[in-house]
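Below is one structure, written out as structure tokens, with a few remarks after it.
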Amino acid sequence: MKDHNADLMTGLVAALPEGRVLTDPDVTESYARDRTFVAPGKALGVVLAQSRDDVVATLRWASGHRVPVVPRGAGSGLAGGATAVDGCVILSLARMTAIRELSPADEIAVAEPGVITADLDRAAREHGLMYAPDPSSYEISTIGGNLATNAGGLRCVKYGVTRDSTLGLEVVLADGRVLETGRRTVKGVTGYDLTGLFVGSEGTLGVITAATLRLRRLPRQVATVAAEFTSLRDAASAVSAIIAAGCRPSMLELMDRTTLEAIDSWKNIGLEDGTRAMLIAQSEGSTEEMAALCGAASFVAEASTPEEAAELVGLRRLAYEAKERIGQCLVEDVCVPRSRLPEMMSAVEDAATRHGVTIATVAHAGDGNLHPVFIFDRGLADPPAEVWAAADEVFRAALDLGGTLTGEHGVGVLKRRWLGLEIGPVSAELQLGIKQVFDPHNILNPGKAL
Ligand SMILES: Cc1cc2nc3c(=O)[nH]c(=O)nc-3n(C[C@H](O)[C@H](O)[C@H](O)COP(=O)(O)OP(=O)(O)OC[C@H]3O[C@@H](n4cnc5c(N)ncnc54)[C@H](O)[C@@H]3O)c2cc1C
């Protein structure tokens with residue numbers, strides 16, 4: 001078997017320019033995980049693609065030999081999507097970092113998959129534009145990973161998620177053919193929406209090698225307000241009221257007490273004893289109406305300088321790392337209609353109490369998207385039974401409230417168990433059929449997403 005694998009890899013090395021393939025097991029291991037605790041399988045090696053042709057050669061070789069391929073961006077995923085499977089080749093797109101085009105006149109950019117999300121945003125800013133989808137991980141995540149997970153972020157409450165900024169894609173299919181989807185116009189309905197299908201497909205239908213992305217005008221002014229609450233449910237109710245009143249926040253984020261404590265113990269933010277939740281809201285107009293709708297808050301203040309505003313938003317972006325300092329994390333990602341947010345918050349608090357587990361929740365609250373983070377002992381390989389029992393309750397509560405299992409992280413391997421509850425047998429059958437059309441030998445990220 002060993003010799004067979006060595007022969008296989010010799011063929012791959014021969015198919016690619018020098019230096020693209022890594023087979024040292026220690027090095028391979030360092031590409032095998034994402035940000036979850038999910039134990040990876042044993043990969044045959046890693047391809048460090050530098051061009052579309054490298055991806056084409058890799059997939060031609062892989063489909064010829066029926067070798068599984070796990071596409072990988074930065075490995076910051078939270079669903080186990082980029083974890084290696086046994087006998088696979090990990091296809092890293094992280095070195096494909098060109099912004100092929102940036103057109104201020106058409107407000108678009110054409111970016112390769114390894115471009116770091118915040119780098120694209122910075123490049124756009126030089127022209128008075130921005131790339132709106134900004135996951136908290138935007139300084140480390142890649143555009144390819146964002147596309148494959150349909151990532152959301154803090155600004156998405158106003159500008160929509162990654163799919164809403166994607167006009168077209170260049171994709172290498174399982175057999176090595178190159179497919180162009182979509183267009184560079186802001187409208188267009190020719191043919192089925194293959195662009196929309198690939199966005200969020202978690203590397204199971206093809207490997208994205210470039211994307212035509214929509215840019216937006218940088219807002220002239222942004223006002224930032226922070227509000228503290230003595231009850232989590234009150235904070236959630238304020239969010240529902242802000243949305244119901246038709247305010248158009250450009251950011252509306254929530255952090256619960258456990259999250260704030262984790263940040264406080266790291267960054268010493270002077271957390272008050274009675275504070276159970278904090279909202280951070282931004283508006284490109286006035287924050288007056290939003291602040292007024294935070295009537296139950298114990299404290300409301302508008303940031304007086306851009307630096308103060310950046311500091312507040314920066315704290316929110318630190319939330320996940322702050323929790324990782326306390327223990328291992330199972331990060332969940334349910335999303336509910338925004339009017340049901342208070343009920344969902346209560347369901348999370350109830351699940352934590354009933355099962356005696358620590359849950360620290362942050363939320364892209366303006367989207368109804370909660371991240372209840374289940375924190376467990378670092379010494380354990382997997383979450384203990386009570387964490388899974390509480391997570392199961394949280395998933396079912398979200399579905400009962402008309403919500404979904406995952407707002408932005410994807411199904412990966414961690415949510416596959418519950419997928420059937422949400423999509424049902426007819427959709428499952430059709431989705432497996434779609435997978436069969438694009439990837440008849442099931443070599444693309446097998447065992448993920450479906
Ligand atoms: C601190 C922190 C904060 C986060 N905050 C957010 C947040 O606010 N919003 C959010 O949505 N997510 C968030 N995430 C999760 C994560 O950053 C996103 O899912 C991100 O989109 C993953 O990008 P990546 O480059 O790391 O992809 P990876 O983790 O490498 O891969 C993710 C998935 O995409 C597939 N893939 C990667 N590249 C390609 C490609 N070129 N073609 C086809 N498939 C591909 C992989 O196979 C895998 O299934 C956060 C993560 C961390 C660690």
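The values are calculated or read from the model by the stated rules, or taken from the named source; none is laboratory data. Treat the numbers as computed from the prediction; the structure is a model and nothing was measured. In this analysis, Cβ positions are derived from the backbone assuming ideal geometry, glycine residues included, and neighbour counts consider all displayed protein chains.
For this structure, a couple of remarks:
- Complete set of residues in the range 89-113 that are in a loop (DSSP other than H, G, I, E, B), touching a residue at least 60 places away in the same chain (Cβ under 8 Å) and within 14 Å of the ligand (Cβ to nearest atom): L93, M96, E112, P113
- Residue ID - farthest from V225 (Cα to Cα), chosen from residues in the range 282-328 that are β-branched (V, I, T) and within 16 Å of the ligand (Cβ to nearest atom): I326
- Lone unmet requirement of (1) surrounded by fewer than 17 Cβ atoms within 10 Å (Cβ to Cβ); (2) charged (D, E, K, R); (3) over 23 Å from Y159 (Cβ atoms) for E289: (3)
- Among the numbered conditions (1) touching a Ser or Thr at 6+ places or on another chain (Cβ under 8 Å); (2) over 24 Å from A132 (Cα atoms); (3) among the acidic types (D, E), the only one that D234 does not meet is (1).
- Of all the listed residues (S141, S92), the sole one being in contact with a strand residue (DSSP E or B) (Cβ under 6 Å, 6 or more places away or on another chain) and within 17 Å of A74 (Cα to Cα) is S92.
- Residues that are over 11 Å from P17 (Cα atoms) and in contact with a Lys or Arg (Cβ under 9 Å, 6 or more places away or on another chain) were ranked within the range 39-57; the one that is surrounded by the most Cβ atoms within 10 Å (Cβ to Cβ) is V46.
- Within the range 354-394, considering residues that are surrounded by fewer than 22 Cβ atoms within 10 Å (Cβ to Cβ) and of a type in the set (F, W, Y), the one nearest to A319 (Cα to Cα): F376
- If you filter the range 189-248 down to residues that are charged (D, E, K, R) and touching a helix residue (DSSP H, G or I) at 6+ places or on another chain (Cβ under 7 Å), you find that the one that is surrounded by the most Cβ atoms within 10 Å (Cβ to Cβ) is E202.
- As a summary of the residue check, M255 satisfies the conditions (1) in contact with an Asp or Glu (Cβ under 9 Å, 6 or more places away or on another chain); (2) closer than 27 Å to A151 by Cα except for the one numbered (1).
- When R155, R163 are screened for being within 22 Å of G412 (Cα to Cα) and crowded, with 16+ Cβ neighbours inside 10 Å, only R163 passes.
- Any hit, the range 331-348, residues being closer than 22 Å to L450 by Cα, charged (D, E, K, R), within 14 Å of the ligand (Cβ to nearest atom) and outside the structural domain of C156 (by TED's automatic domain parsing): yes
- Within the range 141-153, the set of residues being more than 7 Å from the ligand (Cβ to nearest atom) and part of a loop (DSSP other than H, G, I, E, B) comprises just one member, N150.
- Of the strands (runs of 3 or more DSSP E) contained entirely in the range 180-281, those carrying at least 3 residues that are more than 16 Å from the ligand (Cβ to nearest atom) fall at 223-229.
- Some residue of the range 415-426 being more than 16 Å from the ligand (Cβ to nearest atom), within 22 Å of A82 (Cα to Cα), assigned to a loop (DSSP other than H, G, I, E, B) and touching a residue at least 40 places away in the same chain (Cβ under 8 Å): no
- Flag for T23 being without any contact (Cβ under 8 Å) to a residue 24 or more places away in the chain and either crowded, with 17+ Cβ neighbours inside 10 Å or assigned by TED's automatic domain parsing to the domain that holds A210 (or both): yes
- Members of the range 65-80 that are under 18 Å from V171 (Cα atoms), near the ligand (Cβ under 9 Å from one of its atoms) and part of a loop (DSSP other than H, G, I, E, B): G73
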